[in-house]
1. Residues to consider are Ile198, Ile203, Ile230; find the one that is in the same structural domain as Ile256 (by TED's automatic domain parsing) and touching a residue at least 60 places away in the same chain (Cβ under 8 Å).
2. For Thr185, which of the numbered conditions (1) surrounded by 18 or more Cβ atoms within 10 Å (Cβ to Cβ); (2) closer than 30 Å to Val41 by Cα fails to hold?
3. What number goes with the only condition from (1) acidic (Asp, Glu); (2) closer than 30 Å to Ala259 by Cα; (3) crowded, with 21+ Cβ neighbours inside 10 Å that Glu39 does not pass?
4. Checking Lys58 against (1) in contact with a helix residue (DSSP H, G or I) (Cβ under 6 Å, 6 or more places away or on another chain); (2) surrounded by fewer than 19 Cβ atoms within 10 Å (Cβ to Cβ); (3) farther than 18 Å from Ile166 by Cα: exactly one of these is not met. Which one?
5. What is the one condition in (1) more than 30 Å from Ala13 (Cα to Cα); (2) acidic (Asp, Glu); (3) part of a loop (DSSP other than H, G, I, E, B) that Glu220 does not satisfy?
6. Could you please find all residues in region 245-302 being part of a helix (DSSP H, G or I), touching a residue at least 40 places away in the same chain (Cβ under 8 Å) and not polar (S, T, N, Q)?
7. Please state which of the following conditions Glu235 fails to meet, knowing it meets all the rest: (1) closer than 28 Å to Asn49 by Cβ; (2) surrounded by fewer than 17 Cβ atoms within 10 Å (Cβ to Cβ); (3) acidic (Asp, Glu).
8. Could you count how many residues in region 146-191 are under 23 Å from Ile86 (Cβ atoms) and assigned to a helix (DSSP H, G or I)?
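The values are calculated or read from the model by the stated rules, or taken from the named source; none is laboratory data. Here the structure is a predicted model, which is why all the values come from computation and not from measurement. FYI the Cβ positions are ideal-geometry reconstructions off the backbone, even for glycines, and counts take in every protein chain you see.
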Amino acid sequence: MSTEGGTKAIIAALLANAGIAITKFIAYLISGSSSMLAESVHSLADSGNQILLLIGGKRAKRAATAEHPFGFGRERYVYAFLVAIILFSVGGVFSIYEGVHKLQHPEPITTAWLPIAVLLIAICLESFSLRTALRESRAYRKDISILAFVRRHKSPELPVIVLEDIAALAGLVLALIGVVIAVITGNGVWDGAGTVAIGVLLIIVALVLGVEMKSLLIGEGASPADLAKIRAAAESTDEIDSIIHMKSLYLGPDEILVAMKVAVPKDAGAPEIAAAIDAVEVRIRSAVPAATVIYIEPDIKRAAEALPAAESTMPAT
């Protein structure tokens with residue numbers, strides 16, 4: 001997996017959101033629309049989130065140290081988890097607070113054309129950002145849905161940007177509906193209702209992201225397809241009788257740790273076993289390039305050592 005596509009999508013989203021945030025806030029100051037204020041905060045939070053993703057990607061590239069012998073690849077998950085927290089608190093909770101305040105103290109929208117024009121322009125810009133994210137993620141999504149892509153993809157940047165952009169577009173549509181109805185009816189309650197709807201949407205997206213990033217932080221194993229490739233590569237030699245048990249763990253979006261105990265012939269000597277293990281490692285890395293860290297323990301298979309099938313692998317969640 002390459003981070004190039006994710007970085008391109010992040011930069012496109014950052015440029016779009018920074019410009020939109022400033023424009024929305026100016027429109028809020030002139031019109032007094034709470035939906036515009038909520039959308040301003042939403043775009044500002046999104047801009048901060050994209051900066052966090054860029055920082056996480058850079059920090060994850062640091063070389064391994066004695067204190068962190070497996071490197072810093074999972075730091076990308078930490079920063080993506082922070083994105084979920086910011087979306088929940090700064091975006092969602094603030095929007096609901098502002099919306100409830102507007103429902104309790106509704107005010108008419110002045111200079112109605114301005115927030116409507118800003119929202120329409122923002123929809124165009126967010127559509128461009130989402131188009132970029134979907135195009136960069138196309139190679140990874142293949143025939144699966146966006147939700148399945150968010151759940152299965154191990155690199156956090158593209159799923160986060162795709163969900164953020166979808167939420168941003170939906171939020172803009174909700175804000176536009178609220179503002180238009182408020183202008184037509186002259187009742188500012190609709191503006192507040194749109195703001196509350198934006199907050200609920202952001203909280204839902206934040207919870208989805210938070211659950212997925214939490215799972216990756218705790219540690220997920222390789223996918224069933226990659227596990228099958230690893231098993232086939234290891235067992236495609238006469239020097240290895242079978243895999244007694246195997247476990248895997250993502251050290252980062254592009255790194256899988258593979259640990260296995262393999263059964264070797266009883267009469268095999270140390271040189272033959274060492275050569276067989278070296279050959280297995282080469283085949284595994286060829287079949288699954290992300291398997292960068294491999295530990296193989298040779299043993300002689302005995303019936304009493306057979307483990308339950310549930311312990312033989314650690315499939316991805």
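1. Values: Ile198 fails: in the same structural domain as Ile256 (by TED's automatic domain parsing); Ile203 fails: in the same structural domain as Ile256 (by TED's automatic domain parsing).
Only one candidate passes the filter, namely Ile230.
2. Result: Thr185 fails condition (1) only.
3. Here Glu39 clears every test but (2).
4. Only one criterion in (1) in contact with a helix residue (DSSP H, G or I) (Cβ under 6 Å, 6 or more places away or on another chain); (2) surrounded by fewer than 19 Cβ atoms within 10 Å (Cβ to Cβ); (3) farther than 18 Å from Ile166 by Cα is unmet by Lys58, namely (1).
5. Condition (1) is where Glu220 drops out.
6. First, the residues of region 245-302 that are part of a helix (DSSP H, G or I): 270-287.
If we keep only those that are touching a residue at least 40 places away in the same chain (Cβ under 8 Å) too, we end up with 279-280, 283-284, 286-287.
Of everything in region 245-302, those that are part of a helix (DSSP H, G or I), touching a residue at least 40 places away in the same chain (Cβ under 8 Å) and not polar (S, T, N, Q) turn out to be Ala279, Val280, Arg283, Ile284, Ala287.
7. Single failed check for Glu235: (1).
8. The initial filter retains those residues of region 146-191 that are under 23 Å from Ile86 (Cβ atoms), namely 146-147, 149-151, 153-175.
Those left that are additionally assigned to a helix (DSSP H, G or I): 146-147, 149-151, 157-175.
Of the residues in region 146-191, 24 are under 23 Å from Ile86 (Cβ atoms) and assigned to a helix (DSSP H, G or I).
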